[in-house]
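Before any comments, here is the structure.
Read the figures in this text as sums done on the coordinates, not as results from a lab. Just so it is clear, the model here is predicted, and its values are computed rather than measured. Cβ: placed from backbone, ideal geometry, glycine included. Neighbour counts: every protein chain shown.
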Amino acid sequence: MYFLVYLPAFCGTIIHDYGTNYVNRLSNRMNGQKATDDDAELVGRSQKGDLDAFEQLVQKHQKKMFNIAFRIAGDHDDASEIVQDAFVAAFRNIRKFRGASRFTTWLTTITINQARNRLKQVRSRRFHEVNSLNDPIETRDGSIMADPPSKEASILDRLEQRDLREKVQDCIAALEPDFREVIVLRDLQEFSYEEIGTMLTVAAGTVKSRLFRAREAVKDCLKRAWGALNEP
């Protein structure tokens, strides 16, 4: 995987979480086999109102959807809410699923859309919080004193910045959403270009172009981070 070339500290996690699926899918491609949807039975039962079947789908895919949501949103709490909303939306619309793509592709599309909505809410909330923090404060003698937030990093922030694993997430989170989505879906989740194109409603060529730019941006970010981590 290209991503592993410049993310050595992340190799173990990626291989542990996604290696088995990647090997199986690669084997299928080499053998000329078309990917099958092993969720078809559970989906069919869910469409008939079988709640136990849908619960099995949740148990099976919630970790993968959380990983996607977290990589895109960059926050555990936001990712949890994104996944919860995604499964609620999937449950409500399960009868509309026609099997034109794999269930995981359809579910990932829902998760990405929920993550996009969440990011918009977060940006709006942060804008209002910043304005509130910069509002003048009235002192005891009635004078007005501005109290902007400190620009200095806290000790905790400095310690976290020295953790390369977290810096990887920082670099991914710093990408524009369009580029962040493709690098998460391709290099961390191992979806094909065609599947990603379906999820994002763009051509496979666009996916490849965005992926190239995303990889270059993350690589440059990690080079800078690595230099900072090795400063005395």
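How long are the semi-axes of the equivalent ellipsoid of segment 36-121, defined as square roots of 5 times the Cα gyration tensor eigenvalues? Whole Å, largest first.
Taking √(5λ) for each Cα gyration eigenvalue gives 23, 12, 11 Å.
Determine, for each peptide in 88-96, 104-112, the mean count of other beta carbons within 10 angstrom over its residues, then list the peptides with the highest first.
Sorting 88-96, 104-112 by mean packing, highest first, produces 104-112, 88-96.
Distance cut-off 31 Å, Cα to Cα: go down the list LYS167/LYS208; LYS64/LYS167; LYS60/LYS223 and report the pairs above it.
Beyond 31 Å: LYS60/LYS223.
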